[in-house]
Structure formats: structure tokens, C-alpha cells
Amino acid sequence: MPNPIKNSFLTKLEAFHPSDGLAYLFIWIATFLWALSTVVVRGHHEEIPPFGLSFWRWLLAILIFLPLVWRELFLKTAIIKAHFKLIWVLGILQVGSSALFLFSLSFTTAINASLINAAQPVLTVIPAWLLTREKINFAQGVGILLALAGVTIMITRGDLQVLTTLGFNIGDLFVVLAILGWSFYATILHRLPKELGLTTSLFLIYLMGTISLLPFYVIESVYFRTFTPTGLSISVMTFLGIAVSAGAVSLWTASVRSIGPNRAAIFTNLIPVFAVVLAIIFLGERLFPFHLSGAAFVVVGMMLVIKMARKKTAVPQAPGTE
């Protein structure tokens, strides 16, 4: 389908290819923003309700994208109708998983959440196998088991007796569920047609996800606590909406175009590194031996899975982190 707004800012944005040096800088910025968002939300979880924060930050991202894509929505109505169910599912997985991750930070530490989140690239192999029956070779299987072992160590705080007493930190379990949601999102995102365009796709995914999040926001406001517009809450919401939901995703996507998915994917390992350092500095959280041992299992497992994945042609999507 020819694009009648060929010279528009949207077209230039979609086609932007930064130099290699600028792409690496963008990736560092994106991973830092994802890590910083974890620490910011954890630091203010008592003052700002998670579902209210999630609803408004995604709504802000929608409003940012709307001036860029509104013409495209009319031009691509047929494509949108044909893939409406898929867009809605993607919205639930992306926005819902993000809201669940923010909710988890009311119960668990930023360090634990970020280190468990590091297992996402490995766990993405599981939904890929369930949905597409993509074969998992021996090395990938070992990598998945090592990553799961690392996550288990971090969830149980190194005390495996927790498995028999079911004394889990509920926040850690919510982190795992959020990771699985993002993993399914990354697995099926490629089913959207390229003709829809990246920015238009993100706008629609954010829109459908935010609509689906609305009932949870209402329940939270009526029965628990409401999102009160204060200087702090608006600042955090603005940071998440602009810098993370809109900014980090755009920076990541532009960088992947220039340096390729394989070189970009390895930089997701910076997210837990940044988050741990920031949490120790600003939140006074402590790094325990079980964090290090669990993270070691995750990293080794990730290296095995990524090494084998490089032999395939699948393109990893931007991390779903928040």
C-alpha cells in the first residue's frame, strides 16, 4: 500500500537509521531508563498506586503517538480490523504485564525484580516452543533449566525449604508472571503485518492494553487507593510515559535497525546491572549472596540460549520491561 504521506515526520521517524556509535548510545540510554523506572517505582510504591500509575503513563504514551499516527489509522482501517483480536491480545500482554510488574514492586525489592527479569530472554524460548513448536536443542534446554534454577534461587532467597512451605514473596511470583506475559508478547508480535507500521502498531497495542487496564484501575480506586495528582505522582507518571513507554522503545527499535538484533540483545543484560547499582545507591537495598548465585545461573543460561539463537533468523523484539 503506497503511503500518501511519504514526506511526513512519521515516515522519516520510521526510516531513521542511526550510526553504529549513536545506536550503541541509544541502547545504553534505553536500558538505563528501563532500570531507572524499576527503582523509581519501587522508591515511591507507598505513595503512588500501581494500576493508577500504569493507566496514566500508558495514556500519556498514547497521546504522544496520536498526532503521528492518526492519519494512518484511517488509511489502514482494513488492516486494523483484520488483526483487531491480535492487537488486543498484544495490548493485554504488554500493558498488563507492565502493570503487573509495577504491582510486584509493592511487595518485592527493585534488586530482586530486576534480577528475576533478567531471565526474560531465556524464558521467551518457552512460549515460542508452545505456540510455534520451534524445536529446543540440548544447549537451549540446559540454558532454560539453568535460568529457571537461578530464578528459583532468587525467589526462595537461597532457602529451598521455601518450596515445601510455599513461603514465597508474592511480589516475586508477580514478576515471573509479568516476564511470561512479555515473553508471549515477543513471541507473537511478528504476526502483525509490517504494512501496519511500527509506530501505528505500538499506538494500537498501547490503546487496547490501556482500555483493558481500566477496570483494574477503577477497582483499585474504589476499594483500595486512588491515583492522586500531586507533584510526585505526575512527575513519575510523566517520566514513565515519555521516557520509558515512548522514548526507550523508540530508541531501542532505531538501534536494532542499525546494529542488528543479535548485537543489541546482549545489552539487555545491562538492565539488572543498572537497577542493582541504582537500588543500592538510592533505595539502600542490599545485595545478598543468593542474588549473585541466582544471577550467575541466569547469565550462564542466557549465554547458552542466545548463542544458539544466533544461528537462527528470528529477530528479538524490544524488551517488555515496563
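Annotations
- Region 208-235, residues that are surrounded by 14 or more Cβ atoms within 10 Å (Cβ to Cβ) and in contact with a Gly (Cβ under 7 Å, 6 or more places away or on another chain): Met208, Gly209, Ser212, Leu213, Tyr217, Glu220, Ser221, Phe227
- Within region 28-65, the set of residues being over 20 Å from Pro229 (Cα atoms), surrounded by fewer than 24 Cβ atoms within 10 Å (Cβ to Cβ) and of a type in the set (Val, Ile, Thr) comprises just one member, Ile29.
- Screening region 270-322 for residues that are modelled with pLDDT under 75, surrounded by 17 or more Cβ atoms within 10 Å (Cβ to Cβ) and among the small types (Gly, Ala, Ser) and picking the one that is nearest to the chain's Cα centre (by Cα) gives Gly320.
- Top-ranked residue in region 121-150 [being modelled with pLDDT of 70 or more and crowded, with 24+ Cβ neighbours inside 10 Å; ranked as nearest to Ile179 (Cα to Cα)]: Gly150
- Close pairs (6 angstrom Cβ cut-off, 6 or more residues apart or separate chains): under 30 Å from Pro50 (Cα atoms) in region 72-97, among the charged types (D, E, K, R) anywhere: Leu86/Arg191
- Residue among Leu232, Leu251 that alone is out of contact with any Leu (no Cβ under 7 Å at 6 or more places or on another chain), closer than 22 Å to Phe26 by Cα and either at pLDDT below 95 or not basic (Lys, Arg) (or both): Leu251
The values are calculated or read from the model by the stated rules, or taken from the named source; none is laboratory data. Treat the numbers as computed from the prediction; the structure is a model and nothing was measured. A quick note on method: Cβ atoms are made from the backbone with ideal geometry, for glycine too, and the neighbour counts reach across all protein chains shown.
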